[in-house]
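Okay, so here's the structure we're looking at.
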């Protein structure tokens, strides 16, 4: 959605009324959030000010969430009850965490992660304070956050102030990645004092504890909920065609099936012909320019009086391979693609370059930053 918002000023100049509806004025970049929790980045370095981008582009920003969607009447109703009619709409609201969420810190939407950062800072700032943290979910997100949080406490010589436990339903961490990579990560976490509970699920979250499915209780000041993702309730309530997990099914042109004026992209959508595509940022980022181009084409076609079935739209083609680089809370990165994985210091350096190159277009904090300065500083201090 960001490429669309970045260029929306051209549409506003043509008289198109553009509105952005979002429940938070800040968009956190998922690729940098684990290192934000690891103390590598500051808060303003990993988030994008949506209100600022809207002001620059002449876009109306509404800080609220979409409560109801009526694709037949082409109306979105906000949580505050305001109806917003549209000629063309695009939805990129991400996914949501399944399971019992009360009292847990959700990783989806990502801005909820602020609550964990605030508690980490409060613990590190007080010599006698401790943090008992349970991470529900040992997949990519939960593991990378656990690596960075344990690394941060170790860097401050406060490892004894952190009791971190990862609870994963499979029999090992990173079940969708190479076995040897999961074993390496498990050993790394255990050397930092983390406890691993594999083959178990968190069944309930109380104010000061997490209850496992075998009825054991883990003391917890905070529970981070990172147990995969499902589609937002908004789609099925609206009668959209969805897959078995509730994600909107869209055509290769990113149009919701049966509603050509409604587009959906990113983690909230499943593209026809690519149903097995993993919900990772690499594919979402590649969808961004396609969404922007198709919205431009749709607006031009509507102006010319063309029916939606005649719109000449672009199609999305995913990368044939989607490599990932994990940060580890140490001057080392883990690269993985398919059955392969590597680890080295240079991979962390590469990750920093890629992340900063992407975010600097939308975040002026990075305007004066050199391409390698942060990676060098990180390796020197951690």
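The values are calculated or read from the model by the stated rules, or taken from the named source; none is laboratory data. Nothing here was measured: the structure is a model prediction, and the numbers come from that model. Ideal geometry is used to build each Cβ from the backbone, glycine not excepted, and the neighbour counts take in all protein chains shown.
Taking region 316-342 as the range and being closer than 14 Å to residue 174 by Cβ, assigned to a loop (DSSP other than H, G, I, E, B) and in contact (Cβ under 8 Å) with a residue 40 or more places away in the chain as the test, the residues that pass are 328, 339.
Summed over region 107-148, the residues that are closer than 17 Å to residue 47 by Cα and either touching a helix residue (DSSP H, G or I) at 6+ places or on another chain (Cβ under 7 Å) or part of a helix (DSSP H, G or I) (or both) give a count of 11.
Of the residues making up region 51-71, those that are within 22 Å of residue 256 (Cβ to Cβ) and either in contact (Cβ under 8 Å) with a residue 60 or more places away in the chain or assigned to a strand (DSSP E or B) (or both) are 62, 66, 67, 68, 69, 70, 71.
Kindly indicate which of 168, 190 is modelled with pLDDT of 95 or more, under 15 Å from residue 227 (Cα atoms) and touching a strand residue (DSSP E or B) at 6+ places or on another chain (Cβ under 9 Å). One residue alone meets the criteria, 168.
Summed over region 293-315, the residues that are surrounded by 15 or more Cβ atoms within 10 Å (Cβ to Cβ) and either in contact with a strand residue (DSSP E or B) (Cβ under 9 Å, 6 or more places away or on another chain) or not in a helix (DSSP H, G or I) (or both) give a count of 7. When you look at residue 93, is it touching a helix residue (DSSP H, G or I) at 6+ places or on another chain (Cβ under 7 Å) and surrounded by 15 or more Cβ atoms within 10 Å (Cβ to Cβ), yes or no? Judged against the criteria, residue 93 is a match.
Does residue 48 qualify as being in a strand (DSSP E or B), without any contact (Cβ under 8 Å) to a residue 60 or more places away in the chain and either within 26 Å of residue 358 (Cα to Cα) or assigned by TED's automatic domain parsing to the domain that holds residue 278 (or both)? So residue 48 fails the test. Would you please name the residue that is nearest to the chain's Cα centre (by Cα), looking only at residues in region 213-230 that are closer than 13 Å to residue 167 by Cβ and crowded, with 21+ Cβ neighbours inside 10 Å? Residue satisfying both the conditions and the ranking: 226. Screening residue 186 with (1) touching a residue at least 12 places away in the same chain (Cβ under 8 Å); (2) under 28 Å from residue 275 (Cβ atoms); (3) in a helix (DSSP H, G or I) gives one miss only, at (2). With respect to the stated conditions, residue 22 fails to be under 20 Å from the mean Cα position of the chain (by Cα), touching a residue at least 12 places away in the same chain (Cβ under 8 Å), exposed (fewer than 15 other Cβ atoms within 10 Å of the Cβ) and in the same structural domain as residue 294 (by TED's automatic domain parsing). Applying the set (1) touching a strand residue (DSSP E or B) at 6+ places or on another chain (Cβ under 8 Å); (2) crowded, with 16+ Cβ neighbours inside 10 Å to residue 323 leaves exactly one unmet item: (2).
Would you call residue 268 more than 19 Å from residue 2 (Cα to Cα) and surrounded by 18 or more Cβ atoms within 10 Å (Cβ to Cβ)? Spelling it out, it is not the case that residue 268 is more than 19 Å from residue 2 (Cα to Cα) and surrounded by 18 or more Cβ atoms within 10 Å (Cβ to Cβ).
The condition (being within 28 Å of residue 279 (Cα to Cα), surrounded by 22 or more Cβ atoms within 10 Å (Cβ to Cβ) and in contact with a strand residue (DSSP E or B) (Cβ under 6 Å, 6 or more places away or on another chain)) is satisfied by just one residue among 115, 79, 146: 146. Residue 35 satisfies every condition listed in (1) modelled with pLDDT of 95 or more; (2) part of a loop (DSSP other than H, G, I, E, B); (3) under 30 Å from residue 150 (Cα atoms) except (2). The residue list 263, 177 contains one member that is assigned to a loop (DSSP other than H, G, I, E, B) and closer than 30 Å to residue 289 by Cα, which is 177. If you filter region 1-19 down to residues that are part of a helix (DSSP H, G or I) and either under 14 Å from the mean Cα position of the chain (by Cα) or without any contact (Cβ under 8 Å) to a residue 60 or more places away in the chain (or both), you find that the one that is farthest from residue 269 (Cα to Cα) is 13.
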